[in-house]
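Student: Just dropping this structure here.
The values are calculated or read from the model by the stated rules, or taken from the named source; none is laboratory data. What you see is a predicted model; the values in this text were computed from it and never measured. Using ideal geometry, Cβ is built from the backbone for each residue, glycine included, and neighbour counts are taken over all protein chains shown. Accessible surface areas use protein heavy atoms only, side chains included; no ligands, DNA or RNA. Shrake-Rupley method; radii C 1.70, N 1.55, O 1.52, S 1.80 Å.
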Amino acid sequence: KALRSEPGECLGNPGRFTDDEHREAQAIARNPKIYKPASPITTARLADFRVYRVKSGVALKTIDQQESKLKKLSHFLRAEGKTLNVDSVSTWLDTLGLTSKTKAQYLLAGSTFWKWAIKNDARWQEDFVAKDNPFTGHELPKLRAEEKAKTKRKAYALDELVSIYEAAKAEDQEALCDLITLGFYTGARIEELAQLRAESIIIVEGVRTIDIDKAKSYAGVRQVPVHPLLAPVIDRLIKTNPEGYLLPSSGGNKYGIRSDPLSKAFGRLKTSLGFGRQHVFHSVRSTTITLLLRGGVPGPTVANIVGHETGLVTFDVYDEGASPKQKLDALSKLDFNLIT
């Protein structure tokens with residue numbers, strides 16, 4: 001006598017599945033049309049990818065940001081029942097409603113994962129053999145010149161920066177006053193400033209210098225002379241902040257970023273004064289660079305001070321850079337006396 005079974009009974013030992021997976025399997029057995037292929041960007045693969053990148057020294061924040069993007073793609077593929085290819089990636093990008101610049105970051109995350117998987121994951125190699133990277137070859141609309149101009153960050157005019165400083169002083173926001181002063185005299189990025197400690201102040205070739213050893217790039221690791229008008233501020237910060245950091249901050253999230261509270265406080269202050277999205281704390285850096293260049297300081301010396309590459313092999317590879325004395329002379333040429 002033939003044995004008969006209900007749909008789903010041939011699925012094997014239900015203990016191999018979670019309750020949700022078992023219910024889903026039973027539903028698919030009853031109605032195969034509802035089956036949607038699983039995304040190849042699985043939780044297990046993302047975990048392996050994370051381990052690889054941590055070992056490679058990639059910043060944890062970068063890993064988390066890219067993993068978040070990959071999870072969004074995986075969810076889309078699963079929800080839409082699509083396979084991973086150029087067309088599905090393109091369709092996914094269209095659903096995001098993001099700028100071309102942000103879409104490019106999503107494509108970079110996907111391409112980085114693809115390159116890792118095609119090299120390190122045997123099953124991925126088998127499934128995607130001879131297939132092109134689906135995250136390359138996408139044409140993203142470019143912003144027109146006038147649209148770029150509307151979104152480009154702007155430097156503060158000197159009187160604008162002074163007005164922000166004076167507003168911070170009037171509100172007794174001493175930390176913001178010190179932040180603006182440090183940024184103005186050094187051209188440093190906000191997190192570079194937030195990471196400075198008492199031991200960051202060193203003597204190099206007889207010049208008192210700020211040693212910036214935590215930066216976003218190789219060129220960013222640099223030494224910036226202490227401007228004479230900045231010296232008393234630094235002396236006070238060393239004495240009044242016994243925890244070691246020059247700038248006090250309640251920050252220090254899981255990525256070790258201390259500047260978040262300072263950045264938000266600065267943002268609220270400048271917004272209250274009528275400055276929009278094109279003006280941020282990074283605009284202080286732009287102001288310093290602009291004033292240095294307009295003061296006749298050579299471009300390569302400015303790059304040495306603020307931690308930029310020049311794009312020229314002669315300066316970026318072979319040149320040791322301006323001396324501490326040359327950088328101090330460059331900074332001292334400018335009249336920073338409006339902010340003390």
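Student: Ratio of alpha-carbon Rg to the 2.2 N^0.38 Å globular estimate for the stretch 231-278, to two decimals, please.
Tutor: 1.43
Student: By how many nm would the segment from T42 to D64 grow when fully extended, if each residue of separation counts as 0.36 nm and the alpha-carbon distance is taken off?
Tutor: Length difference between fully extended and current span is 6.4 nm.
Student: Moving on to the next point. Using a Förster distance of 51 Å, how high is the FRET efficiency between R78 and H282, based on the Cβ-Cβ distance and rounded to 0.05?
Tutor: The calculated FRET efficiency here is 0.85.
Student: In Å², and per residue, what accessible area does the stretch 182-281 have when probed at 1.4 Å with the other protein chains present?
Tutor: On a per-residue basis, the stretch 182-281 sits at 48 Å².
Student: Would you please give the residues with an amide H less than 5 Å from that of R197, counting only those at least 5 places away or on a separate chain, with H modeled from the backbone geometry?
Tutor: When sequence neighbours closer than 5 places are left aside, the close amide H contacts are L246.
Student: Could you please tell me the mean projected area of the C-alpha convex hull for the stretch 78-133, averaged over all directions and given in square nanometres to one decimal?
Tutor: 4.2 nm²
Student: Output ³J(HN,Hα) for the stretch 290-295: one whole-Hz value per residue in order, computed from phi by the Karplus curve 6.51 cos²θ - 1.76 cosθ + 1.60 with θ = phi - 60°, and x for Gly and Pro.
Tutor: 4, 5, 5, 5, 5, x
Student: With a ≥ b ≥ c taken as the square roots of the eigenvalues of the C-alpha gyration tensor of the stretch 50-175, please select rounded if a/c is under 1.5 and otherwise prolate if a/b is larger than b/c or oblate if it is not?
Tutor: Taking the square roots of the gyration eigenvalues as a ≥ b ≥ c, the stretch 50-175 is prolate.
Student: Right, something else. Taking 27 Å as the cut-off for C-alpha to C-alpha distance, list the pairs among K101/K169; K119/K214; K72/K154; K214/K254; K264/K333 that go past it.
Tutor: Listed pairs above 27 Å: K101/K169; K119/K214; K72/K154; K264/K333.
Student: Okay, moving on. At a probe size of 1.4 Å, how large is the accessible area of H308, to the nearest 10 Å²?
Tutor: Its heavy atoms expose roughly 80 Å² to the probe.
Student: For L293 and Q26, calculate 0.36 nm times their separation in residues minus their Cα-Cα distance, and state this gained length in nm to one decimal.
Tutor: 89.1 nm
Student: Extension gain K154-T240, at 0.36 nm per residue separation less the Cα-Cα distance, in nm?
Tutor: 27.6 nm
Student: Starting from the stretch 184-239, pick out the chymotrypsin sites (Phe, Trp or Tyr not before Pro) whose DSSP state is loop and whose Cβ has at most 16 other Cβ atoms within 10 Å.
Tutor: Y218
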